[in-house]
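A.B. asks: Okay, here's the structure, questions in a sec.
The values are calculated or read from the model by the stated rules, or taken from the named source; none is laboratory data. The model shown is predicted, which means the values in this text are computed figures rather than measured ones. Backbone-built Cβ (ideal geometry, glycine too); neighbour counts: all protein chains shown.
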Amino acid sequence: MRQQFTHLTSFLRRYQGYWRHDPFLQVTSGEISWSALNPELEQWIQQLSSKQTLEYKSSLELCLKELECFFPGLEATHQSITLMPLKSGDDLELPRGLDAGIPGRKLTQIQQMTKACLHGHQGSEWLEWCSGKGFLGRLLSSQSNQHVTSFEFQHSLCESGQRDADKLGLPMAFVQGDAFDEAAAKVFNDKQHAVALHACGDLHVTLIEHAVEQHLPAVTLSPCCYHLVRGEHYSPLSYEGKKAGLELSKHELRIPLQETVTGGERVKRHREQEMSYRLGFDALCKELGFSVEYLPVPSIKNPS
């Protein structure tokens, strides 16, 4: 892992002139910061048709192959971070009613997460961090017959989750609390396998810190929204990370979130339409003299 981390850090440093700048803002300003570094790449991008652009966006393998000549080492680096699927047995057999209220795509995610947790399970009970209604805890409890402590900030979700768990006869106990409060450490003990699905930003960092301090036997997590940290920059936890000195701002931590992975075709079409509206609105504001730089548009709830 140390060798892999060193390689990734070196790769990011070598090409930071490209990824540290927001491509969207560069398009709206008409100033491509890296054009002098790689005029051949800019020329190649400019001649792409809309159809070709969509093909590269839908096929990562094809995109990597084409970009390798502009970024030597790209394919090898991607290969180094590609994880093999976990062979964790057959699909889970869920008791009747266990999946009630869980949307289809989310259920698929939770089932895969459950199998990963069970595959490397250690300890005699579970701690579900930032549990929401405890959907993940339901599956873990039913599959392992072990107690689950579900820790959640929103009181209403705790009440709803506890009602559902009681109806299903599952050994689950919901605890309402603030993950950033020192009192949160009280829900940890050294018999727990801690799990977290979609624990945003510093929420998953806090889980790791508590797990280390309390000597938990295992932690399984799938973080998200890496930019939701309390500081202006990411603070590495490991000695190697601190030693590397590769500073990442909140804006740069958003980069992994730019790709739409779990959304269906409707979500992708909506995103394309939304971006075209934003660009059109920006062009109109500049033409009418309302703004010189890009004018951000607040998020608006999608119509149902």
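A.B. asks: Restricting the search to segment 189-214, which residues are among the polar types (S, T, N, Q) and either closer than 23 Å to H119 by Cα or part of a loop (DSSP other than H, G, I, E, B) (or both)?
C.D. replies: The first filter runs over segment 189-214 and keeps only residues among the polar types (S, T, N, Q), leaving 189, 192, 206, 214.
Across segment 189-214, the qualifying residues are N189, Q192, Q214.
A.B. asks: Shifting gears a bit: In the set V187, V195, which member is assigned by TED's automatic domain parsing to the domain that holds S144, in contact with a Ser or Thr (Cβ under 7 Å, 6 or more places away or on another chain) and under 27 Å from R105 (Cα atoms)?
C.D. replies: Values: V187 fails: under 27 Å from R105 (Cα atoms).
Result of the check over V187, V195: V195.
Let's see how each residue does on (1) at pLDDT below 95; (2) in contact with a His (Cβ under 6 Å, 6 or more places away or on another chain); (3) not acidic (D, E):
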site	(1), (2), (3)
D181	no, no, no
A185	no, yes, yes
C200	yes, no, yes
H210	no, no, yes
L216	no, no, yes
S235	yes, no, yes
E240	yes, no, no
K243	yes, no, yes
R254	yes, yes, yes
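A.B. asks: A further question follows. Given the criteria at pLDDT 90 or above, in contact with a Phe, Trp or Tyr (Cβ under 7 Å, 6 or more places away or on another chain) and under 21 Å from K167 (Cα atoms), does F135 qualify? Talk me through it step by step, then tell me what you get.
C.D. replies: Details: at pLDDT 90 or above: yes; in contact with a Phe, Trp or Tyr (Cβ under 7 Å, 6 or more places away or on another chain): no; under 21 Å from K167 (Cα atoms): yes.
When the stated conditions are applied, F135 does not pass them.
A.B. asks: Pull up segment 178-199, narrow it to residues that are under 24 Å from the mean Cα position of the chain (by Cα) and surrounded by fewer than 17 Cβ atoms within 10 Å (Cβ to Cβ), then point me to the one that is farthest from W129 (Cα to Cα).
C.D. replies: D181
A.B. asks: Let me ask something additional. Go through segment 176-210 residue by residue and tally those that are under 20 Å from L228 (Cα atoms) and either in contact with a Leu (Cβ under 9 Å, 6 or more places away or on another chain) or touching a residue at least 12 places away in the same chain (Cβ under 8 Å) (or both). Steps first, answer last, please.
C.D. replies: Keep residues of segment 176-210 that are under 20 Å from L228 (Cα atoms), which gives 177-182, 184, 195-210.
Now narrow it down to the ones that are either in contact with a Leu (Cβ under 9 Å, 6 or more places away or on another chain) or touching a residue at least 12 places away in the same chain (Cβ under 8 Å) (or both): 177-180, 184, 195-210.
Counting residues in segment 176-210 that are under 20 Å from L228 (Cα atoms) and either in contact with a Leu (Cβ under 9 Å, 6 or more places away or on another chain) or touching a residue at least 12 places away in the same chain (Cβ under 8 Å) (or both) gives 21.
A.B. asks: I'm trying to understand the selection: among the residues of segment 14-40, which are at pLDDT 90 or above and either assigned by TED's automatic domain parsing to the domain that holds S276 or surrounded by fewer than 12 Cβ atoms within 10 Å (Cβ to Cβ) (or both)?
C.D. replies: P39, E40
A.B. asks: Here's a follow-up. When you scan segment 142-161, how many residues do you find that are more than 25 Å from the chain's Cα centre (by Cα) and surrounded by 20 or more Cβ atoms within 10 Å (Cβ to Cβ)?
C.D. replies: Residues flagged as more than 25 Å from the chain's Cα centre (by Cα) and surrounded by 20 or more Cβ atoms within 10 Å (Cβ to Cβ) within segment 142-161 amount to 1.
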